[in-house]
1. Only one residue in 102, 152 is farther than 18 Å from residue 43 by Cα, of a type outside the set (Lys, Arg) and more than 17 Å from the chain's Cα centre (by Cα). Which one?
2. In the set 59, 108, 42, which member is within 24 Å of the chain's Cα centre (by Cα) and part of a helix (DSSP H, G or I)?
3. So which residues in the stretch 50-73 are hydroxyl-bearing (Ser, Thr, Tyr) and surrounded by fewer than 10 Cβ atoms within 10 Å (Cβ to Cβ)?
4. Does any residue of the stretch 115-133 turn out to be in contact (Cβ under 8 Å) with a residue 60 or more places away in the chain and not in a helix (DSSP H, G or I)?
5. Test of understanding: among 42, 47, 34, 76, which residue is of a type in the set (Val, Ile, Thr) and surrounded by 14 or more Cβ atoms within 10 Å (Cβ to Cβ)?
6. Which of the residues belonging to the stretch 81-138 are among the acidic types (Asp, Glu) and farther than 20 Å from residue 31 by Cα?
7. Return the residues of the stretch 79-131 that are more than 28 Å from residue 143 (Cβ to Cβ) and surrounded by 18 or more Cβ atoms within 10 Å (Cβ to Cβ); say none if nothing qualifies.
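Computed from the coordinates by the stated procedures, all read-outs in this text should not be read as laboratory data. The shown structure was predicted, so the numbers you read here are calculated from the model rather than taken from an experiment. Glycine gets a Cβ as well: all are built from the backbone with ideal geometry, and neighbour counts include every protein chain shown.
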Amino acid sequence: MSKRKRGSTEPEMRSARKGVRRWLYYHPQGLGRTAFLFHRVTGLGLTAYFVVHVLSVGTILSGEDAWEMFLEIVETPVGWYGELLLLAAIGFHFANGVRLILGEFGLTLDKPTRPDYPFKTGSFNLAQKSLLVLAFVVAALFVLLGYLFIFLEL
């Protein structure tokens, strides 16, 4: 009776060493993988924005002069385009999240089939693709509305 060594195998250890690089690694394998990448990037961006937003709004505690100086920085064309980018990220992340939730409940997935050779991969069906396109449309609408409010001051 042989004892198996405790611990991970060499490929598992090499894979684990990649850490965050593996988490961020992107290799195009289709539309689902691209949607995953966009969802992750917008999520990280929105998290970073939230932290910066809380810290920047905290400048109001330093007095009216500090707040006015902060507003002078934000009220520039670069700040306005940053807000449009933020709106695009919010719109896409929201709509894609709804798509993912519907998939989790099985509402947009095909019925499972027997895995016979040749294997057909394709849980990304027409409903999933349509909802992903809708996510980009929602992001574009958020940007359009933001543009109307920021630049045309509706």
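1. 152
2. 42
3. none
4. Checked the stretch 115-133: at least one residue is in contact (Cβ under 8 Å) with a residue 60 or more places away in the chain and not in a helix (DSSP H, G or I).
5. Result: 42 is the single residue among 42, 47, 34, 76 that is of a type in the set (Val, Ile, Thr) and surrounded by 14 or more Cβ atoms within 10 Å (Cβ to Cβ).
6. Selection gives 83, 116.
7. none
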